[in-house]
Structures are given as C-alpha cells and as structure tokens.
Amino acid sequence: MKLTLMGFVGIFFIACQQNPSLNSASRDIEINQKVEELLSKMTLEEKVGQMNQYSGFMDFTGPEPDKGQAASKLEHIKKGWVGSMLNVHGVENVKAVQKMAVEESRLGIPLIFGFDVIHGYKTISPIPLAESASWDLKAIKRSAEIAAEEASSAGINWTFAPMVDISRDARWGRVMEGAGEDPFLGSKIAKARVEGFQGNDLSSPHTIAATAKHFAAYGFGDAGREYNTVDIGTTTLYNTVLPPFKAAVDADVKTFMNAFNVLNGIPATGDEFILRDILKSHWNFNGFVVSDWDSVGEMVNHGYAFDGRDAAKKAVKAGTDMDMESYHFIEELVSLVDNGEVEEKSIDDAVSRILRVKFELGLFDDPYQYLSSDREKQTVYNSKFKEDVLGLAKKSIVLLKNDNQLLPLSKENQSILIVGELANDKTSPLGSWRIAAEEETAISLVEGMKTYNSNNKIKYVQGPKLVNGDPKFIKQLKINTTDRAGFTEVIQSAKDADVVIMNLGEHGLQSGEGRSRAEIGLPGLQQELLEAVYIVNPNIVLVLQNGRPLTLNWADKHIPAIVEAWQLGTYSGLAIAEVLFGDYNPSGKLTMSFPRSLGQLPLYYNELPTGRPNNPKQEDVFRSHYIDEENSPLYAFGHGLSYTHFEYSNLKLSQTASKSIQVSIDIKNTGKYLGTETVQVYVRDKVAQISRPVKELKAFEQIELKPNQQKTIDIQLTEKELGYYLPNGDWIFENGEFEIFVGTSSSETLSEKISI
Ligand code: NOJ
C-alpha cells in the first residue's frame, strides 16, 4: 500500500516537472485528487491520527503533558495516529521520527514538523515588535526568508508564525511577538512575513508553511493579563483585529492557529463564527487550523465543555482541524463519529486540509527532502545571513530622544562608561522566543562598542544584578530588588566619564508568553541606579533593551538621549554600536504607543473621538481626561528621530476619481546627515455611519534623503483606504469629508481637509 502510494505520487511530481504548462491551478486540482484518493484508503483511526499533533521531548512550549500520555507518543506514530510533531528539530532528530511515520505506519504518511521559528531559528533577528519598527517590508520579508532557510535545513517544514495579533496593552508579554497596535501596518507586515516564510514555491526544501495566529483577538485580553477574557464589539473585530489575518489569507498562508482566549463568551478554539463563517466560508481559506497548546482541553476550564470528549466535539464542529497536545482528538473522535455525534464529513474536511498542505510542501514527493545533514551544517549560523540580519537590527532601533545632539558619539578622545548587566548579556538580546538558539550567542553591547570604537577609553561596570539565580525558559524570573552591591562602583566610575551609556530594560525572559507585567517601568533597581548616576553625571545615553513599551516619564524629563534598542537578536551589540557612533543614522519608528503612566493602558493612537474631547485649556472637569495625567502618550505611534531633520511642507490634496484622493507633500532633509524618513499618511473620516477613529494610518513611504535634498511624495488613497467595516461585517465606502494628515509620526503632522 505504502509503496503504491509513494510510487503514484512520485510519478505525479515527475509529470509536473516535465510539463511546465501545469500551472498552479492545475497543480491544485491534481493535489486535490491525490488527497481524495489517499483519504479513500484511510481508516477512521488514521484520519483522526492526521488531526493529532504531539510535542517532542526537546522543548516544552506549554505545560508539560502527563507522563503516561507522553510515553505513548512514539507508538502512536507507528500506528498512524499522529499527523504532526512540534518541538522536534535538527536533521538527526527529525529523521528518526519521520522514519517511524513513513516506514513503520501502514500508509506511510509523512509527518509535518512544526516549530516556533518566530524571529529566526538559530541566527536570531530582532523580536517582531522591533522588526515592525523598521517599517521596512522588504527587510522584514527577508528576515522571514532567512528564518525559513535556516529552520528548513534543520528539518522544520512549518513555523507557528507570524503572530498577527494587534495589541494595545503593553502589560501583555506577547506584544513583543507582534507588529504593534496598527491594523494597516500589521496587515502589510503579516503579508511580508507569510511571503518570506513560504516563498514562491512551498514544495522547495528551503521554504516552510506559515501560521497566522492567534485567531482571534488574543491581543485584547482584559487588563493585559495573559490568556484572559476578550470582550470586544464587532466594529473592533472587523476593523482592527481581523485585517492582518485577512491579509495573511490573501498572501496564501497555509495554516491558522486558534487563540487561547474566550472571545465574546466563546473560546476561540470552539468558535464556529470566526472559524467556519468568517475564515473558512467568507474568506475561503483552504489551509488548516491547528489548536494552540491544549486549547481544546482548556475549553473545559472555560466552562464551555463538560469534559475532553465534549471539547473535542465542539472544537471539530467549530472548525479546528488539528489538536496540539490535548490528546482529546485522538482519544475521543473515533467514538464520537461512531456514535454519530460528529459527522465523518467534518473529519474528512479537516484531514483533506492537512494532507493538502503536506502535498504542497513536497513531503509526499520526498519525506526526507528537508533532511540533509550537510545542508544543515552549512546553513545553521551561516555568516552569509549577517548582512541582512544586522541590517534589520539597525533599522529596528528607535531614537526616542536626543537633546543637544548628544548622539552620535565621537569615536575619539572620550572616556565612555557602559553600565548595566544587560550590556554584557549575550543571551537576553535573543528575546524569549529563542528556543533553538544557543545561549550566549548574541553580540553584547560591550562587545559591539569595542568593535566600532577607535580611540575612546571604554570602561564597563556591571552594577547591581538584574536577576537573582539562574533564569530558565519556562520558570518565573526572580528580579533583584534588594541587593545594591555594585551601586558604589558605578557611581564612582560615572564621576570620571565624559559620557555614561546606561543599558537598562528587561531581561530577555521578562516579555513573551506568560509574562504579563502589572508595572512596566524599569524593573528592579534600575530606575534607582539611573537616578543615582544622573546626580553625579547627567551626560547619559539611556539604551533600552526590552520587549514592550515601558513607562519612562522620569527618564524622558532628565536623560538627554534615549535609544530604544529592544531585543535585537544575534547581532544586537553591533547594531547598537553603529547607531551610537553614527555609522548608521537611526530611522526606526514606534509601532506601539509608549504610555506616560500605566493607568493610560490600553493606549492606542487610532482611538475614537469622545463626546467631550479633552481640551487642556478648559478649566472645568467635564471632559475626557485624567485629573493626574495627560491623555497623550509619552512617545506616540510612528515616533522616531534621526540624526538629521526632515521638514514637511506643501501638503496638497485633490480628488482624482469619485472615490479617491491624491496626496502630495514635499519633504526636505534640512540637517547634516544622510537619512531615511518614513512618511506617514493618516486619514480621518469626519462623519460616518459609525464613529470613526481620530486618525488611521493608511499609507506610508520610506525615502532616503541627502542633506539639503528635497523630494515630493505622491500617494493615492482609494476606496480601499477610505472605507471601513460596519458592525455586521459589510464593507462600506461613503462620500463626504476626509481629513488627511501627513507627517513624521502620528502626533506630528500637517493636515488638510477635502470633500469627495
Ligand atoms: C503556545 C503559544 O501560544 C503558541 O503561539 C505557540 O506556537 C505554541 N505554544 C507552540 O509552542
């Protein structure tokens, strides 16, 4: 049976290669035929097996499974009861497991190997939130391509990325994994990342299937608390949450992943409305949906299912096709079908979707095509990736503040003191999703500074510890809040320095899954240290390393230069040093608003107008404001400085057709450095059937300008940018008055109105 199948499939693929006229549509038809044929040979147990995904024993990226269940995994593979493994990587490991499926199971159906290749496999790019700050779609796509190239060489054929969840609450630890708060930019980035991972030819062993996750609204958990309830209206769902998912479908993403949360009362894993009605019917998605880790079983905790059996039934009915690590599909689905509680056609649909992706990946053609040890050795950590990964790290850095042009630093005749445990940390810059990367493989800030320095005296003093004990991926971190050893040495050294670089922020494991924070200031003793150093030497460059927006009010008032350097990956220290010394002129722009105070969260620039807008000049209290804080963010969405200056002028609008507006603006580099500017175009629909945001990003363009150079940018806004979704999901464009804003950030713009 197995040989017949492989033989048939082999002949089919040879035919495809020999006949270039077999275009993608006819390939789809062929694949569908193959899927049907294979399906007709499968027992119900084997079908359900395809819907079952287990984690390997290398890494646990969720709660550890019950030992008894875990022991049976390999046996299940041989029985054909497993369709996919996650957390098995490296050619030798993958090969051993794939062989069991292909050579020992009755039908020899290859497994698909999934892994969280979030921002790199072993060569690590900036965390996705940082990457998004580059606004450079080509560079972001390239980063996903590199991740796919490296991971596929290690046997991986499916990544659980991109996370396209829009997030407005910096308390949530996973804001680091997304593209920030804006659905327009988020959609562009979703597309770039899907295209980067999947390439033009999914059957190539150099590309991998992508996952749009977490469907849906996982970024809207109440109070920024991980896995918490989400309750949002459909206006927000359609206009803010769904667009990046839709963009992923349009980019032909092969899989979706459920979200852990309850969405408006229903766990997303069992939500027929989003999975069947929107995703599979309305959007016509023909890939498959994988649950999140035990999210099927968690429907019992949500009070939505009586037990695992009920949960399996509800998940399949809703449209979840593959079960990650809950065991309920494999334990319950066969008897649910036998009892008539689940229709076999739902199982057939799920299995067809899964098999189709396996065919598209070329796994039936050659299940070992991703498994060349030589290729793995040549590819993993290959320095050929350096230029692009380092390039993106530089583009991701955001210059938040630079009073009196303290930056860039001179390379000569200065004494520079570098302070902070993070500056010498070669692991934290890899972020929390570094599961395949070896510890200590990032270039630290101290190393980077020494590489780019010419003739300065550079001294490093660690200061107080940030973390007590040995941090471990799945354990809680213990932040040092009491041990002040190290303060004195820092303060003494700061007195003698011309400039102090304080590298402060979050440990690499303080953001990411399960790492919500109730306070988002500088953790531990760092704020105290910063203030103590400031007293003896205010000439400070604060270099931040973190996975989320932080509250930085004090620093913003006192510290002359602040650089947001996130967790920039393998080449972190080099990227930061190039920026600090001016070899690279920073161009990053924030994609999440930085609050002044925690109490402002959730905070986002594209809010709706209120009935009583804030007017600080007004004396009375009856307006939408805080009595103890401003409404505005400390650093707005889109904010990011350069060493040069860009002047905007001559904003002109004209109507080009009944539903489109032509925007034109002049931008001039009036400073001394060559620089890249991201020109941002925002729209406000003044009066509509529903209240529309005060500003929404609808276009942007990056331009490089030499000193004194000026360019005119022309941008066309069409119905696509000017319309919106009604609460029932219908798309609408309405003629009327629009205000168009163009500028360097969401808060610094020129604006004009036009009626069309
Ligand atoms: C749980 C996370 O929510 C998800 O994003 C990830 O892909 C899975 N674990 C697998 O590691």
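Among the GluC sites (Glu not before Pro) in the stretch 97-190, which ones are in a DSSP loop with at most 15 other Cβ atoms within 10 Å of the Cβ? Mind listing them? Numbers along the way, then the final one.
Numbers: sites: 103, 104, 131, 145, 149, 150, 177, 181; in loops: 181.
Filter output for the stretch 97-190: empty list.
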request  = Between residue 368 and residue 39, take the C-beta separation as r, use R0 = 22 Å, and let me know the FRET efficiency to the nearest 0.05.
outcome  = 0.40
ask   = In nm, what is the difference between 0.36 nm times the number of residues separating residue 624 and residue 99 and their Cα-Cα distance?
value = 182.7 nm
remark   = Relative contact order as a percentage, the stretch 115-378, C-alpha pairs under 8 Å and 6+ apart, gives 17 percent
message = Only counting other Cβ atoms within 10 Å, I'd like 419, 543, 97 sorted with the fewest neighbours first.
response = 97, 543, 419
request  = Measure off 7 Å from each Cα along the Cα-to-Cβ vector at residue 481 and residue 730, then give the distance between these two points in nanometres to one decimal.
outcome  = 5.4 nm
message = Give me, ordered by chain and number, the residues 5 or more places off residue 624 or on other chains with an amide H under 5 Å from its own placed amide H.
response = 612, 614
inquiry  = Please list 3J(HN,Hα) in residue order for the stretch 260-276, calculated via the Karplus relation 6.51 cos²θ - 1.76 cosθ + 1.60 where θ = phi - 60°; whole Hz, with x for glycine and proline.
reply    = 6, 7, 7, 10, 6, x, 10, x, 4, 5, x, 9, 4, 4, 7, 7, 8
Estimated distance in nm for a label pair at residue 383 and residue 597, the labels positioned 7 Å out from Cα along Cα-to-Cβ = 5.3 nm
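Given a Förster distance of 60 Å, report the FRET efficiency between residue 27 and residue 306 from their Cβ-Cβ distance, rounded to the nearest 0.05.
On the way: r = 44 Å, r/R0 = 0.73.
Efficiency for this residue pair is about 0.85.
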Length added when fully stretched, residue 459-residue 712, from 0.36 nm per residue minus Cα-Cα = 86.5 nm
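Find the Cα radius of gyration of the stretch 115-378, compare it with 2.2 N^0.38 Å by division, and give the number to two decimals. Provide the component values of the computation, followed by the final result.
On the way: Rg = 17.9 Å, N = 264, 2.2 N^0.38 = 18.3 Å.
In units of the globular-protein estimate, the stretch 115-378 measures up at 0.98.
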query = How high is the relative contact order of the stretch 405-502, in percent, with contacts defined as C-alpha pairs under 8 Å that are six or more residues apart?
reply = 40 percent
request  = Check the straight Cα-Cα distances from residue 459 and name the aspartates and glutamates below 13 Å, setting aside those fewer than 8 residues away within the same chain.
outcome  = 447, 489, 496, 498
request  = Determine the gain in length on full extension of the stretch residue 470-residue 751; use 0.36 nm per residue of separation and subtract their C-alpha separation, reporting nm with one decimal.
outcome  = 95.9 nm
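I'm checking a number: the convex hull volume of the Cα atoms of the chain, normalised per residue, in Å³. What is it?
Details: hull volume 127.2 nm³, N = 756.
Given the Cα convex hull of the chain, per-residue volume reads 168 Å³.
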inquiry  = Residues of the stretch 491-512 with the amide nitrogen closer than 18 Å to a label point 7 Å from the Cα of residue 415, along Cα-to-Cβ, please.
reply    = 491-502
query = By per-residue mean of other Cβ atoms within 10 Å, what is the highest-first order of 389-395, 223-229?
reply = 389-395, 223-229
ask   = Can you list the HN-Hα couplings for the stretch 39-51, worked out from phi with the Karplus curve (6.51, -1.76, 1.60; θ = phi - 60°), rounded to whole Hz and with x for Gly and Pro?
value = 4, 5, 9, 8, 6, 4, 4, 5, 5, 4, x, 4, 8
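With the alpha-carbon atoms as the only input, what is the per residue convex hull volume for the stretch 26-95 in Å³?
Per-residue hull volume (Cα only) is 125 Å³.
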inquiry  = Applying a 10 Å radius around every beta-carbon, put 211-221, 348-358, 451-461, 432-442 in order of their mean neighbour count, most first.
reply    = 211-221, 348-358, 432-442, 451-461
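Among rounded, prolate and oblate, which fits the stretch 392-506 when a ≥ b ≥ c are the square roots of the eigenvalues of its C-alpha gyration tensor, a/c under 1.5 means rounded, and a/b larger than b/c means prolate? Mind showing how you got there, number by number?
Numbers: a/c = 2.03, a/b = 1.33, b/c = 1.52.
Because a/c hits 1.5 or more and a/b fails to exceed b/c, the stretch 392-506 counts as oblate.
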request  = Under 1.5 on a/c is rounded, so check that first for the stretch 646-755, then, if it is not, pick prolate when a/b is larger than b/c and oblate when it is not; a ≥ b ≥ c are the square roots of the alpha carbon gyration tensor eigenvalues.
outcome  = prolate
query = Amide H to amide H, which residues 5 or more places from residue 467 or on other chains are under 5 Å from it, using H placed in the peptide plane?
reply = 480
inquiry  = Less than 20 Å apart at the alpha-carbon level, and either on another chain or at least 8 residues along: which aspartates and glutamates does that give for residue 711?
reply    = 136, 647, 666, 677, 701, 748, 752
note = Residues whose modelled amide H sits under 5 Å from the amide H of residue 84, counting only those 5 or more places away in sequence or on another chain, are 52, 54, 112
note = hull vol. (C-alpha, convex hull) per residue for the stretch 254-313, Å³ -> 73 Å³
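Within the set 557/617; 41/358; 358/384, which residue pairs have Cα atoms separated by over 25 Å? Walk me through the intermediate numbers first.
Details: 557/617 22 Å; 41/358 17 Å; 358/384 30 Å.
Beyond 25 Å: 358/384.
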ask   = When only DSSP loop residues count, what chymotrypsin sites (Phe, Trp or Tyr not before Pro) in the stretch 635-715 have their Cβ near at most 16 other Cβ atoms within 10 Å?
value = 673
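With an 8 Å Cα cut-off and a minimum separation of 6 or more residues, compute the relative contact order for the chain in percent. Could you put the intermediate results ahead of the total?
On the way: 1788 pairs, mean separation 97.8, N = 756.
Reported relative contact order: 13 percent.
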request  = Using just the helices of the chain, give the 222 nm mean residue ellipticity in deg cm²/dmol: DSSP H runs with n ≥ 4 each add -39,500 (n - 2.57), and the total is spread over all residues, rounded to 500.
outcome  = -8500 deg cm²/dmol
task = Enumerate the calculated ³J(HN,Hα) couplings along the stretch 98-110 in order (Karplus 6.51 cos²θ - 1.76 cosθ + 1.60, θ = phi - 60°), each rounded to whole Hz, writing x wherever the residue is Gly or Pro.
result = 4, 4, 4, 5, 7, 9, 10, 8, 4, 9, x, 6, x
message = Taking 2.2 N^0.38 Å as the expected size of a compact globular protein, what ratio does the Cα radius of gyration of the stretch 384-594 give against it, to two decimals?
response = 0.94
request  = Report the paramagnetic label zone for residue 557: residues of the stretch 634-660 whose backbone N is under 15 Å from a point 7 Å from Cα along the Cα-to-Cβ axis.
outcome  = 634
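None of the figures in this text is laboratory data; all of them are computed from the coordinates on show. Model, not experiment: these values are computed from the prediction. Here Cβ is always computed from backbone atoms with ideal geometry, including for glycine, and neighbour counts include all displayed protein chains.
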